[in-house]
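The values are calculated or read from the model by the stated rules, or taken from the named source; none is laboratory data. All values reported here derive from a predicted model rather than from experimental measurement. Cβ sites come from the backbone with ideal geometry, for glycine too, and all protein chains shown count toward neighbours. Just the protein is used for accessible areas: all its heavy atoms, side chains included, with ligands, DNA and RNA removed. Shrake-Rupley method; radii C 1.70, N 1.55, O 1.52, S 1.80 Å.
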Amino acid sequence: MEAVKVDILSGELVKPSSPTPTHLKHYKLCLLDQFFPEIHCGILFFYSSPPGCHKNDDKNYCRILKDSLSETLTDFYPIAGRFKDTSTIDCNDDGACVVEAKLDSNLSDFLTSLSQASEKSNLHQKLGKLNPAFDSETMELASKCMLIAQLTVFECGGTAICFSLQHRFCDLWSVVVFLRSWSARARGSYGEIAVPSFVGSSFLPPQDLPPLPPLENPIENRTMRRLVFEAPKISALKEKLMSENRSKSAEITSVSRVEVVLALVLKSAISAARSIDESAKKSAVFCSVNLRKRTEPPLPENSMGNLIWTLSVETEEEEEGTEFHALVRKMKSETTSFCDEKVSRLKGEEGVSFVFESVKKRGEIVEATGDLNLYWCTSWCRFPVYETDFGWGKPVWVSSGILSSKNLIVMEDTMEDTKCGSGIQAWVTLDPKVMAIFERDEEILSFASFNPNIIVD
């Protein structure tokens, strides 16, 4: 398939349908927010053309999105604001950006082309064409916006919507809450509107911190691959773990699909990196954990902000720390230790001190360069992204494949398994030389398919 062309048709700042009250004009971030960079992170939703679709329906789609967004911003008022300093959003109703675009391809052809991505035509580059944060002209209009959304219409009438929000303001669960409310308004289901809870600043108050340093280029020298682990393969992977567990007399009594998939991906990635640089004897893995249900008392389900915690797991080659069962055991041990012993400290003044202690320790790990490989992992599994219906049906495919930081692993539900939660789609971004070895790993190939076709009914 030839390179696709995306034409930007329009860009507009959408403001709240009602002005933000004076007493809500200054939104205070949570302390945890302050450790995230001011960068737009996106998620892509693909929708088939609904039955009876007409040529001009794309204009109607865009109008529906803009009108319902305007209403939604009255509840989610910080999204229409701008950062004032490192701890405050000025809720000035300047608005969020909505871009309309068209693509000279059918939806099915475009998705098929993703399975044919090579080093010269990276998955990230293909999906990036649908991300407004990668378009220089759009960013001239919207660089200060909290939200940039792009509706791209395919020749067949299918659509892709990219929602790109400032990571410093919110995590993925916050995005889910926001989209649940926006999509409910779009389809007229006002009884299903999610009302946000802005409790972050009272949970962990912001501090007087300097701006974060700029990020390195997130695209340069990266290769991304999509791995799909089907349910039967994950079951076999679990059995492999339990077999190793018995032979090693380890103490693993249960394991989740996310844990076994992540452990296998990490084992293979670490092995590939060490085959290139034997001096890298140590590895550190940072994994994100949702805090909302783990605090005491639990935070409201619709809490907005970066209410996540980063756990660190370190391994050394000499300790056999990168064996499959050892990685699972270490990840489970760190999670259990945090939830049972540490999460209770996350509140008030003690919580602020604990955050700074943990960030300092994390920084010491990151600064130990030269003989250390760092990996960043997050799971979107069981997040109800496939329920996002703006009135023309539920998405046929959802992707985080526009995120491309070095050594990043993102796991999602496969589209056919969102209800039973069995299959996993993993996006893995590595150095090109490491990826060339990783994607030939026999153990990975026995459990996962690389860039399989995405079939749309």
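Structure data summary
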| quantity | calculated |
| --- | --- |
| Yes/no for T315 being over 30 Å from D75 (Cα atoms), in a strand (DSSP E or B), among the β-branched types (V, I, T) and in contact with a strand residue (DSSP E or B) (Cβ under 6 Å, 6 or more places away or on another chain) | yes |
| Residue among S243, S279 that alone is open to solvent by less than 70 Å² (accessible area, probe 1.4 Å), part of a loop (DSSP other than H, G, I, E, B) and hydroxyl-bearing (S, T, Y) | S279 |
| Failed item, numbered, when V396 is tested on (1) surrounded by 17 or more Cβ atoms within 10 Å (Cβ to Cβ); (2) free of Cβ contacts under 8 Å to residues at least 40 places away in the same chain | (2) |
| T388 being at pLDDT 95 or above and not aromatic (F, W, Y) | yes |
| All positions within region 185-204 that are over 15 Å from T74 (Cβ atoms) and β-branched (V, I, T) | V199 |
| So L311, is it more than 29 Å from P132 (Cα to Cα) and open to solvent by less than 50 Å² (accessible area, probe 1.4 Å) | yes |
| Looking only at region 112-132, and only at residues there that are within 23 Å of K59 (Cα to Cα) and surrounded by 21 or more Cβ atoms within 10 Å (Cβ to Cβ), the one that is modelled with the lowest pLDDT | L127 |
| Per-region count, region 133-150, residues among the β-branched types (V, I, T) and either buried (at least 23 other Cβ atoms within 10 Å of the Cβ) or under 16 Å from the mean Cα position of the chain (by Cα) (or both) | 1 |
| Residue check for V153: open to solvent by 10 Å² or more (accessible area, probe 1.4 Å), within 20 Å of the chain's Cα centre (by Cα) and over 21 Å from T86 (Cβ atoms) | no |
| Filter pass, I252 being assigned to a loop (DSSP other than H, G, I, E, B) and either in contact with a strand residue (DSSP E or B) (Cβ under 9 Å, 6 or more places away or on another chain) or closer than 27 Å to E334 by Cα (or both) | yes |
| Some residue of region 222-231 being in contact with a Phe, Trp or Tyr (Cβ under 7 Å, 6 or more places away or on another chain) and modelled with pLDDT under 90 | yes |
| Some residue of region 172-186 being farther than 23 Å from K129 by Cα, assigned to a loop (DSSP other than H, G, I, E, B), open to solvent by 10 Å² or more (accessible area, probe 1.4 Å) and touching a residue at least 24 places away in the same chain (Cβ under 8 Å) | no |
| Selection from region 445-457 of residues that are buried (at least 17 other Cβ atoms within 10 Å of the Cβ) and modelled with pLDDT under 95 | N451, I454, V456 |
| Residue list for region 190-232, restricted to those being part of a helix (DSSP H, G or I) and surrounded by fewer than 19 Cβ atoms within 10 Å (Cβ to Cβ) | Y190, G191, E192, S201, S202, A231, P232 |
| Any chance S247 is modelled with pLDDT of 90 or more and farther than 19 Å from M411 by Cβ | no |
| Verdict on L44 being open to solvent by less than 50 Å² (accessible area, probe 1.4 Å), assigned to a helix (DSSP H, G or I) and within 22 Å of L151 (Cα to Cα) | no |
| Selection count where residues are within 25 Å of V176 (Cα to Cα) and either modelled with pLDDT of 85 or more or assigned to a loop (DSSP other than H, G, I, E, B) (or both), scope region 408-444 | 19 |
| Count of residues meeting criterion [buried (at least 20 other Cβ atoms within 10 Å of the Cβ) and farther than 28 Å from W427 by Cα] in region 66-95 | 13 |
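For (1) of a type outside the set (G, A, S); (2) at negative phi; (3) in the same structural domain as I402 (by the TED database); (4) over 22 Å from the mean Cα position of the chain (by Cα), each residue gets a yes or a no:
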site: F178; (1), (2), (3), (4): yes, yes, no, no
site: W182; (1), (2), (3), (4): yes, yes, no, no
site: A186; (1), (2), (3), (4): no, yes, no, yes
site: L209; (1), (2), (3), (4): yes, yes, no, yes
site: R257; (1), (2), (3), (4): yes, yes, yes, no
site: V260; (1), (2), (3), (4): yes, yes, yes, no
site: L266; (1), (2), (3), (4): yes, yes, yes, no
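Conditions (1) over 29 Å from P297 (Cα atoms); (2) open to solvent by less than 40 Å² (accessible area, probe 1.4 Å); (3) of a type in the set (S, T, N, Q); (4) in contact with a His (Cβ under 8 Å, 6 or more places away or on another chain), marked per residue:
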site: E323; (1), (2), (3), (4): yes, no, no, no
site: K330; (1), (2), (3), (4): no, no, no, no
site: D340; (1), (2), (3), (4): no, no, no, no
site: L346; (1), (2), (3), (4): no, yes, no, no
site: V355; (1), (2), (3), (4): no, yes, no, no
site: W380; (1), (2), (3), (4): no, yes, no, no
